[in-house]
1. What is the one condition in (1) within 30 Å of Glu275 (Cα to Cα); (2) at pLDDT 95 or above that Leu38 does not satisfy?
2. For the subset of segment 95-146 comprising residues that are of a type in the set (Val, Ile, Thr) and over 19 Å from the mean Cα position of the chain (by Cα), which member is nearest to Leu163 (Cα to Cα)?
3. Take the residues in segment 265-286 that are under 15 Å from Glu84 (Cβ atoms) and in contact with a His (Cβ under 7 Å, 6 or more places away or on another chain), then tell me which one is surrounded by the most Cβ atoms within 10 Å (Cβ to Cβ).
4. Looking at (1) buried (at least 19 other Cβ atoms within 10 Å of the Cβ); (2) assigned to a helix (DSSP H, G or I); (3) over 15 Å from the mean Cα position of the chain (by Cα), can you tell me which one Ile296 breaks?
5. Pick out the one residue from Ser51, Ser107, Ser122 that is among the small types (Gly, Ala, Ser), surrounded by fewer than 21 Cβ atoms within 10 Å (Cβ to Cβ), in the same structural domain as Asn221 (by the TED database) and assigned to a helix (DSSP H, G or I).
6. Would you point out the residue of segment 214-243, among those that are closer than 13 Å to Cys265 by Cα and free of Cβ contacts under 8 Å to residues at least 40 places away in the same chain, that is surrounded by the most Cβ atoms within 10 Å (Cβ to Cβ)?
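The values are calculated or read from the model by the stated rules, or taken from the named source; none is laboratory data. If you're wondering where the values come from, they're calculated on a predicted model, not measured in any experiment. Here Cβ is always computed from backbone atoms with ideal geometry, including for glycine, and neighbour counts include all displayed protein chains.
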Amino acid sequence: MKLFSFPGQGSSISLSALNKWCQSLSSFQDKNIKASGLLRYVGENLSKPGSIAICSNLLYEHWRNCDVGNGGEERVMVGHSLGELGALNGSGGNELFSLQEIFEIASFRHELMKRATLEYLSRQAFGEAAKFSLWALTCPRSKDLRGDLGLRGSLSLANHNSLKQCVITGFRRDLEALELPRLTKVVELVNPDNVPFHDERILHGIKERLYEYMWVKLQDNGNHTRTLLDHPIISGLDGKMTYKLHTALEKFVHSSTKTVEFVECCKTAKEMNIEHAVHIGPGTLIGKLVERNTGIPNHVWIGGSEEENK
């Protein structure tokens, strides 16, 4: 059995990597994809969620093209935040949504979060000038960093990446007032669109519109009649695995507004005694989290600096 991981929008794309993929990978060279203008968009918007979703989809398609002899092997998918969209599509043979639809869903999801944030700031009379910061906290000595954090006020846990690492959002004044365990390393992440990622208090209103948007696309492409996925997916909502398309879709929508329970995802994978993991890019951050959290012995990176091409 192989575990496939898909990254979120914190995994940026370098222009040199994009050019390399376009020159060497057949999935990036398809004439219909070139004609669509999507790769041109990626080149001009390297850090946009739609761009990351496009590249992740094409990198996974590259793996599928190279791995034609192992189509019957058992696979399980997991995605980190936005990456769960790529994992969901991968669970459906990379055919639940077209590349154009993947791009549109990723972009629409992000726009919904931006609007929800602006509406929240307006309701609370903070004004659009109020900024949400995004901090990655790592404490090597902690056995449960999540439990050590007393989050108050605007602070919210976005990602529970490991027992020693969390990502939190909130207003800078609340972040700077937070008492952190000794030797905690703080890295401020880029947040150009001022989104408090995975804060249910602010983003809860996007769920219905996101679900409807995705469901209409499934109706339009005929996949709404499917009940089961080709491969199971581990949900970032609760770390549980499902084969059911509608359950996976609902969980992706809900996980877009709640903490990414990646520790629970990795616990589930660890219990499955998986021997091989394939980490779809761009980037290697999520693959390294899986590697540390699960103890899976064999790893391949597709689309990262540690990529091993087949």
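1. Leu38 satisfies every listed condition except (1).
2. Here the answer is Thr138.
3. His279
4. Of the numbered conditions (1) buried (at least 19 other Cβ atoms within 10 Å of the Cβ); (2) assigned to a helix (DSSP H, G or I); (3) over 15 Å from the mean Cα position of the chain (by Cα), the odd one out for Ile296 is (2).
5. Ser107
6. Per the criteria, the residue is Leu237.
Each row is one residue, and each column tells you yes or no for (1) more than 19 Å from Asp67 (Cβ to Cβ); (2) at pLDDT below 95.
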residue: Ala269; (1), (2): yes, no
residue: Val278; (1), (2): no, no
residue: Leu285; (1), (2): yes, yes
residue: Asn293; (1), (2): yes, no
residue: His299; (1), (2): no, no
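To keep it simple, each residue is scored yes or no on (1) of a type in the set (Asp, Glu); (2) part of a helix (DSSP H, G or I); (3) modelled with pLDDT of 95 or more; (4) in contact with a helix residue (DSSP H, G or I) (Cβ under 6 Å, 6 or more places away or on another chain).
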residue: Val187; (1), (2), (3), (4): no, no, yes, no
residue: Val195; (1), (2), (3), (4): no, no, yes, yes
residue: His198; (1), (2), (3), (4): no, no, yes, no
residue: Leu203; (1), (2), (3), (4): no, yes, yes, yes
residue: Ile206; (1), (2), (3), (4): no, yes, yes, yes
residue: Leu210; (1), (2), (3), (4): no, yes, yes, yes
residue: Trp215; (1), (2), (3), (4): no, yes, yes, no
residue: Gln219; (1), (2), (3), (4): no, yes, yes, no
residue: His224; (1), (2), (3), (4): no, yes, yes, yes
